[in-house]
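The values are calculated or read from the model by the stated rules, or taken from the named source; none is laboratory data. The shown structure was predicted, so the numbers you read here are calculated from the model rather than taken from an experiment. All Cβ positions, even for glycine, are placed from backbone atoms using ideal geometry, and neighbour counts span all protein chains on display. To get the accessible areas, we keep the full protein, side chains included, count just its heavy atoms, and leave off ligands, DNA and RNA. Shrake-Rupley method; radii C 1.70, N 1.55, O 1.52, S 1.80 Å.
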Amino acid sequence: MKNTVRVMQIAFTYIGTIVGAGFATGQEILQFFTRYGKWATLTIILSTFIFIWLGTKMMIISRRIRAKSYEDLNKHLFGDKPGEYISLIMLVLLLGVNSIMLAGAGSVFVQHLNMHYQTGLILTLVGTYLLFSRGINAILQMNSLVVPMMLSLSLLIVFSTMNMPNADQFITLNSDHSLAMTWMAPLLYTAFNLIMAQAILVPLGSHTESISVIKWGGVLGGLGVGFMLMAAHFAMSAHMPGIMQYEIPMGSIAFQLGKVVQLIYVLLIFLEIFTTFVADIYGITLQLQQRLSVSPKLICVAIMLICFLLSQLGFSYLLSILYPLFGVLGLIWSIKLMMIKR
């Protein structure tokens, strides 16, 4: 029973870490999958396989080397000095990406709740600090509450889409994009998300004694991410090409299902941003703890202050600069993880 609970916690935390602002709004899925038409079903299957394979492998290696943070894993993959430099680059990029997520939380409060931008930022930061203070188990418990809600909403949207006249468009939709772009997209997507997820998956793997628990957690987590990708792609395909004009494509679908679903969806967008943000702040703090003789709570506050200041630049501006850089680094990192033996 204890192992089953741990498996589900790992799976839910894996899913919750991958599902951030871009995933929740539908923009990531639209850009990396749905716009490629009928091929997207196959590329989502490919992404699901990579998530299962490399996510599980990352946690097993972390357990074997007793990695304290993602820097230990990077040193194991690339060697001490190169691993140290890559970890420093990752630190900068993680700070940037988490500033984007924090900006996204502020945008949710402005666009959907008619509240001030700074209110969303401050509530996210306060909640993060409170959860961080309780350690990794609090992060696991938070994801165990939020992720089942995400999966339930995905099922609701799938069932609603089945009744639409264009429900089969996901297998007939044409695309003008080249096959090279079509098949590169899922590789970039999984690489970006895996390098982000290592901030929490590395300590999660090293804190789990049973390899069997890690394997099942990785498999169920990867399948869960794949299911949510497929559910969103299925729903958005039925609304193509018109849905391309929306900044929050999944929101335009959820809002058609009534006020209650609309409110739940907005809440979930915020919680999905929040769970990813907390997990990454925890991972960054662990890395800096290895370098600084400072209280982890003080490091956490300093990191959040940097993210708060960067988030004042806005969501779209940060997104356009940092995501392509992270995608390239993620691809190099993922290839190295594929090649190394457990």
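Worth a mention:
- Solvent-accessible heavy-atom area per residue, rounded to whole Å², over region 217-309 at 1.4 Å: 39
- Dipole of region 1-146, positive direction: furthest Cα of F109, Y36, P82, with charges on the beta-carbon: P82
- The calculated 222 nm mean residue ellipticity attributable to helices in the chain amounts to -27500 deg cm²/dmol, summing -39500 (n - 2.57) over DSSP H runs of n ≥ 4 and dividing by all residues.
- Cα Rg over Rh - region 123-170, Kirkwood: 1.29
- With the convex hull constructed from alpha-carbon coordinates only, the chain shows a mean projected area of 16.5 nm² over all directions.
- Reciprocal of mean inverse Cα separation for region 158-279 (Kirkwood radius, Å): 17.1
- Mean separation of Cα pairs under 8 Å and 6 or more residues apart, divided by the residue count, gives the chain a relative contact order of 40 percent.
- Taken over the Cα atoms of region 84-153, the convex hull encloses 122 Å³ per residue.
- Solvent-accessible area assigned to carbon and sulfur over the chain amounts to 69 percent, based on a 1.4 Å probe.
- Mean Cβ neighbour count within 10 Å, used as a protection proxy, ranking 130-143, 173-186 highest first: 130-143, 173-186
- Helices meeting the span-like rule in the chain (full DSSP H runs, Cα extent of at least 18 Å along the helix axis, mean Kyte-Doolittle score of 0.0 or higher): 2-18, 40-65, 80-113, 117-133, 136-162, 179-206, 211-237, 259-289, 296-311, 315-339.
- FRET efficiency for the pair I340 and V110, taken as 1/(1 + (r/R0)^6) with r the Cβ-Cβ distance and R0 = 35 Å, rounds to 0.20.
- When only the Cβ of Lys, Arg, Asp and Glu is charged (+1, +1, -1, -1), the dipole of the chain relative to its Cα centre reaches about 1000 debye.
- Local electrostatic count, R35, Cβ distance below 13 Å [Lys/Arg +1, Asp/Glu -1]: -1
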